[in-house]
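Heads up: the structure comes next, in structure tokens.
The values are calculated or read from the model by the stated rules, or taken from the named source; none is laboratory data. Treat the numbers as computed from the prediction; the structure is a model and nothing was measured. So basically every Cβ, Gly included, is an ideal-geometry build from the backbone, and we count neighbours across all protein chains shown.
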Amino acid sequence: MLGLKLPTDPRWVNIVESNIEEILTDHAWCEQKAASNAISIITQNPDKTELVSTLLEIAAEELDHFKQVHQIILDRGLVFGPERKDDYVNQLYKFRRKGGSREEALVDRLLFAAMVEARSCERFKVLSENISDEELATFYRELMISEAGHYTTFIKFAKMYGNEVDVDKRWKEWLTFEGELIRSYGKSETVHG
């Protein structure tokens, strides 16, 4: 369904399990950034009523996920650390088309968001199926389902607003780029690392 070119090696979970505090802190910040991204898209496209209404729901859901991860950190007596830089997401962001029409910019912003959600969904699936911590396995399974919904929502809106853009072709370009990019990741205890 996701079309990702390179699946995450399940052994990545061994790295994650070596530092649960780090993956949880990184994950919490990822959720905050996802909420901020949705709000940013709203801010730039206030005239698109359906998009605004849906992204308000997504932003609220992402903030709720942030709150849930933060609560897990507190419940485990861990420390919520400072914001982490996400090199993977920053590299994806740079792949967005520069210039072009407002429509092209919106489509690429939506595809960027879809790509982040797709990889997060895939990583949460790997976590849910391989982590030995039952509480986290259940938690990540639930989030995997949520991220899949976000992914499809962003793709749907890209197609809805991309009348002058070959969205399927551009999505394939995103998948190819991400497939090469992700080869450099999967070596740290972060959601995209």
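Annotations for the structure displayed:
- Answer residue from region 154-193, given it is among the aromatic types (Phe, Trp, Tyr) and under 17 Å from the mean Cα position of the chain (by Cα) and is modelled with the lowest pLDDT among those: Tyr185
- Residue in region 53-70 that is under 30 Å from Arg170 (Cβ atoms), of a type in the set (Ser, Thr, Tyr) and buried (at least 16 other Cβ atoms within 10 Å of the Cβ) present: yes
- Set side by side, the residues Thr8, Thr49, Thr54 differ, and just one is hydroxyl-bearing (Ser, Thr, Tyr), farther than 23 Å from Ala137 by Cβ and in contact (Cβ under 8 Å) with a residue 60 or more places away in the chain, which is Thr54.
- Matching residues in region 154-183 - criterion: being within 15 Å of Phe112 (Cβ to Cβ) and not in a helix (DSSP H, G or I): Gly162, Val165
- Scan region 15-34 for residues that are charged (D, E, K, R) and assigned to a loop (DSSP other than H, G, I, E, B) and the total you get is 0.
- Which numbered condition Arg84 fails, given (1) at pLDDT 95 or above; (2) touching a Phe, Trp or Tyr at 6+ places or on another chain (Cβ under 9 Å): (1)
- Any chance Glu142 is surrounded by fewer than 16 Cβ atoms within 10 Å (Cβ to Cβ), out of contact with any His (no Cβ under 9 Å at 6 or more places or on another chain) and under 21 Å from Ala34 (Cα atoms): yes
- Residues located in region 81-137, provided they are of a type in the set (S, T, N, Q), closer than 20 Å to Arg183 by Cα and surrounded by fewer than 21 Cβ atoms within 10 Å (Cβ to Cβ): Asn90, Gln91
- Any pair with Cβ under 7 angstrom, 6 or more apart, that starts in region 166-193 at a residue that is in contact (Cβ under 8 Å) with a residue 60 or more places away in the chain and on the phi < 0 side of the Ramachandran plot and ends at one that is buried (at least 20 other Cβ atoms within 10 Å of the Cβ) and in a loop (DSSP other than H, G, I, E, B): Tyr185/His192; Tyr185/Gly193; Lys187/Gly193
Every residue, every condition in (1) out of contact with any Phe, Trp or Tyr (no Cβ under 9 Å at 6 or more places or on another chain); (2) of a type in the set (D, E, K, R); (3) more than 19 Å from Pro7 (Cβ to Cβ), yes or no:
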site	(1), (2), (3)
Phe154	no, no, yes
Phe157	yes, no, yes
Glu164	yes, yes, yes
Arg170	yes, yes, yes
Glu180	yes, yes, no
Gly186	no, no, no
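- Scanning region 63-86 for residues that are assigned to a helix (DSSP H, G or I) and without any contact (Cβ under 8 Å) to a residue 60 or more places away in the chain returns Leu63, Asp64, Phe66, Lys67, Val69, His70, Gln71, Ile73, Leu74, Asp75.
- Scan of region 47-95 for residues that are under 17 Å from the mean Cα position of the chain (by Cα), polar (S, T, N, Q) and farther than 18 Å from Ala35 by Cβ, ordered by number: Gln91
- Members of region 129-165 found to be touching a Ser or Thr at 6+ places or on another chain (Cβ under 9 Å) and either polar (S, T, N, Q) or in contact (Cβ under 8 Å) with a residue 24 or more places away in the chain (or both), listed by number: Leu136, Thr138, Phe139, Leu143, Glu147, His150, Tyr151, Thr153, Phe157, Glu164, Val165
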